[in-house]
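Single-structure report; data block below.
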Amino acid sequence: MRQLRTISAMRGWRGSVSDRLVLVPTMGALHHGHAALIRRARKLAGKNGAVCVSIFVNPTQFGPKEDFSAYPRPLAQDLALCRAEAVDAVFLPKASDMYLPDASVVLQESSLSQTLCGRSREGHFSGVLTVVAKLFLITLPTHAIFGEKDWQQLALIRRMVRDLNMPLEIAGCPTFREPDGLAASSRNAYLTPAERAAAPRIYSSLKKAAALRSIPAALRAARRDLEAISGARVDYIEAVDASTLGPLRNRNSPGRLAAAVYLGKARLIDNIPLPALS
Ligand code: PAF
């Protein structure tokens, strides 16, 4: 497995890949969910293609009061996971190489980024889109894979690729869940044992609510159940159109029921499908 620590090393290695290159962008602190993304990437790459995992804790997607410095960085463990998953190359750029001190160009999206997490995390999606576009331009992948847990991020990246005619395909990977239903996330590491025991109730509340036909009834039920979790503060619970992320007004088209909940030091997000009803 190659460890590529500079942009020019990455570009040099890229030149040696003649078949598909599947990129798995991450911020490290890799867990079972990332392993599932890497396995999916391996399948997409086929036997002659290559898989590259990027590990970069992107400062520009964290707000001033968010957890950039506390974000876990267990590099040795991350590299071991990548090796075990037969990743071909890991791209580990430095922040000073990714962002020059006088960098002045960023990407802004004006529709899908205005809802859900965009309301409480100002500037977050501009940071995500800018770094993902930079990673695409540096690594030139034919495909890139993102998890459906970050549904809004996935929708935004698809929109960016569409609107800027980026020449690659985006694949989504279903949320990897722990046996008790909690969506795998690097931020689960912030939970105390009591919070960790309560956290699966986010998924069970969403599932119970999604079984109701009426959208307002589903939202009421989910809010009530989420607010009943001890120590939890609901940031949002919303039913949105699966691709535009606008409010879901009826069940004629596919939607997502999405929530963000603060639990202790962690802000946990999750979402599940609201299939169209005939
Ligand atoms: O989902 C993440 O881990 C990050 O937002 C991403 C896509 C790697 C960009 O920094």
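Here is how the numbers come out for the structure above:
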item	result
Subset of the range 160-187 (residues that are assigned to a helix (DSSP H, G or I) and either at positive phi or within 14 Å of the ligand (Cβ to nearest atom) (or both))	160, 161, 186, 187
Qualifying residues in the range 150-159 (those that are near the ligand (Cβ under 9 Å from one of its atoms) and buried (at least 21 other Cβ atoms within 10 Å of the Cβ)) - the one farthest from residue 12 (Cα to Cα)	153
Identity of the residue in the range 103-128, among the β-branched types (Val, Ile, Thr) and in a loop (DSSP other than H, G, I, E, B), that ends up surrounded by the most Cβ atoms within 10 Å (Cβ to Cβ)	115
Every pair of residues 6+ apart whose Cβ atoms lie under 7 Å, when the first sits in the range 75-91 and is on the phi < 0 side of the Ramachandran plot while the second is among the β-branched types (Val, Ile, Thr) and assigned to a helix (DSSP H, G or I)	85/38; 87/38; 91/139
Unique residue being over 22 Å from residue 67 (Cα atoms), more than 16 Å from the ligand (Cβ to nearest atom) and touching a residue at least 40 places away in the same chain (Cβ under 8 Å) when the list is 144, 198, 210	210
Unique residue being at pLDDT 95 or above and closer than 20 Å to residue 173 by Cβ when the list is 76, 50, 80	50
Enumeration of residues in the range 92-102 that are exposed (fewer than 12 other Cβ atoms within 10 Å of the Cβ) and within 16 Å of the ligand (Cβ to nearest atom)	94, 95
Enumeration of residues in the range 108-141 that are under 14 Å from the mean Cα position of the chain (by Cα) and within 10 Å of the ligand (Cβ to nearest atom)	124, 125, 127, 128, 129, 131, 132
Among (1) over 17 Å from the mean Cα position of the chain (by Cα); (2) touching a residue at least 40 places away in the same chain (Cβ under 8 Å); (3) surrounded by fewer than 19 Cβ atoms within 10 Å (Cβ to Cβ), the one test that residue 189 misses	(1)
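Let's see how each residue does on (1) within 30 Å of residue 109 (Cβ to Cβ); (2) surrounded by fewer than 14 Cβ atoms within 10 Å (Cβ to Cβ); (3) touching a Lys or Arg at 6+ places or on another chain (Cβ under 6 Å):
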site	(1), (2), (3)
206	yes, no, no
211	no, yes, no
218	yes, no, no
225	no, no, no
229	no, no, yes
255	yes, no, no
272	yes, no, no
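The values are calculated or read from the model by the stated rules, or taken from the named source; none is laboratory data. From a predicted model like this one, the values you see are computed outputs, not experimental measurements. No Cβ is skipped: glycine too gets one built from the backbone with ideal geometry, and neighbour counts run over all protein chains shown.
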